[in-house]
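Remarks on the structure that follows.
The values are calculated or read from the model by the stated rules, or taken from the named source; none is laboratory data. Bear in mind the structure is a predicted one, so any value in this text is a computation, not a measurement. Quick reminder, even Gly has a Cβ in these numbers, built from the backbone with ideal geometry, and neighbours come from all protein chains shown.
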Amino acid sequence: MKGKTTALALTLSLALLLPLSACGGGGLSADDAKLYVQGILDENYLGKSEADFRKLIDITEEDVEETYAGSLETEAQFFLDSFVESELPEEDQDRLLEELSTMYRQVYAHSKYTVESASQVDDTTFGVKVTVEPIDIFHQVADALNNGAADELNSSYPDQMTDEEYLAYEIEWVELFMDLTYEKLPQLGYLESQTLLVQVALGDDDYWTIPDEDFWSLDALIIDYNLG
């Protein structure tokens with residue numbers, strides 16, 4: 001599973017909570033659990049939501065937009081944390097986060113998942129079956145990099161770099177990665193679909209939620225980062 005910073009957990013914390021009081025006297029139903037998981041996925045990866053979901057979780061369209069923007073920015077931060085070793089100046093950090101967020105917005109627009117069914121496991125747990133087709137675009141970018149796309153960039157820097165040179169190199173590398181991602185978008189495809197059983201569980205605080213481990217397992221499938 002790709003690790004995510006605590007910022008994502010904070011961004012999603014409210015979005016993942018469904019008050020018991022929102023479920024009415026009869027408690028949460030299987031249909032509610034299915035609607036809830038569908039809504040969480042749509043909110044975080046497509047930036048959209050159905051009115052029934054917003055009513056169920058008691059949020060507004062503005063809340064959905066805020067959660068989506070936070071999810072994009074956190075994914076952008078994850079990218080920088082994973083692929084950049086240098087400490088970026090604040091100006092470069094902010095610029096790259098904004099540009100990467102825009103890139104992820106376009107990639108996530110191709111997210112492909114199906115919330116298939118939900119069933120009650122016990123009084124405090126529902127199981128929701130979700131099938132995801134992982135986006136392969138970073139595999140295509142990695143192939144391009146391995147086949148010479150970075151040769152010109154690499155040849156413009158010495159083998160032994162100063163800290164300043166390495167910082168400049170890493171910034172250019174991120175920019176090249178983004179350029180290649182946009183270039184490959186028309187050919188974006190999917191890896192073999194995978195199906196997970198996601199829990200919606202009632203906590204001691206009387207809130208229904210998707211457990212962190214289940215959400216991260218889903219998140220790890222949306223875009224495949226396993227490039228080795």
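Remarks
- Filtering TYR166, TYR157, TYR190 for residues that are aromatic (Phe, Trp, Tyr) and in contact with a strand residue (DSSP E or B) (Cβ under 8 Å, 6 or more places away or on another chain) leaves a single hit, TYR190.
- Among residues of the range 109-131 that are in contact (Cβ under 8 Å) with a residue 24 or more places away in the chain, those with a Cβ under 6 angstrom from a residue that is of a type in the set (Asp, Glu), sequence gap 6+ or separate chain, pair up as LYS112/GLU133; LYS129/GLU116.
- Any hit, the range 187-200, residues being under 20 Å from ALA76 (Cβ atoms) and either without any contact (Cβ under 8 Å) to a residue 12 or more places away in the chain or of a type in the set (Ser, Thr, Tyr) (or both): no
- Restricting the range 103-128 to residues that are among the aliphatic types (A, V, I, L, M) and in a strand (DSSP E or B), the residue that is nearest to GLU213 (Cα to Cα): VAL128
- For the range 91-113, the set of residues classified as closer than 18 Å to GLN38 by Cα and surrounded by 14 or more Cβ atoms within 10 Å (Cβ to Cβ) consists of TYR108, HIS110, SER111, TYR113, listed by residue number.
- Elements of type helices (runs of 4 or more DSSP H) contained in the range 148-228, each with 2 or more residues being crowded, with 17+ Cβ neighbours inside 10 Å: 163-184, 212-222
- Taking first residues from the range 149-177 that are within 16 Å of PHE83 (Cα to Cα) and of a type in the set (Val, Ile, Thr) and partners that are exposed (fewer than 10 other Cβ atoms within 10 Å of the Cβ) and modelled with pLDDT of 95 or more, no Cβ contact under 9 Å between residues at least 6 apart in sequence or on separate chains turns up.
- Residues that are of a type outside the set (A, V, I, L, M) and assigned to a strand (DSSP E or B) were ranked within the range 129-147; the one that is nearest to ASN226 (Cα to Cα) is GLU133.
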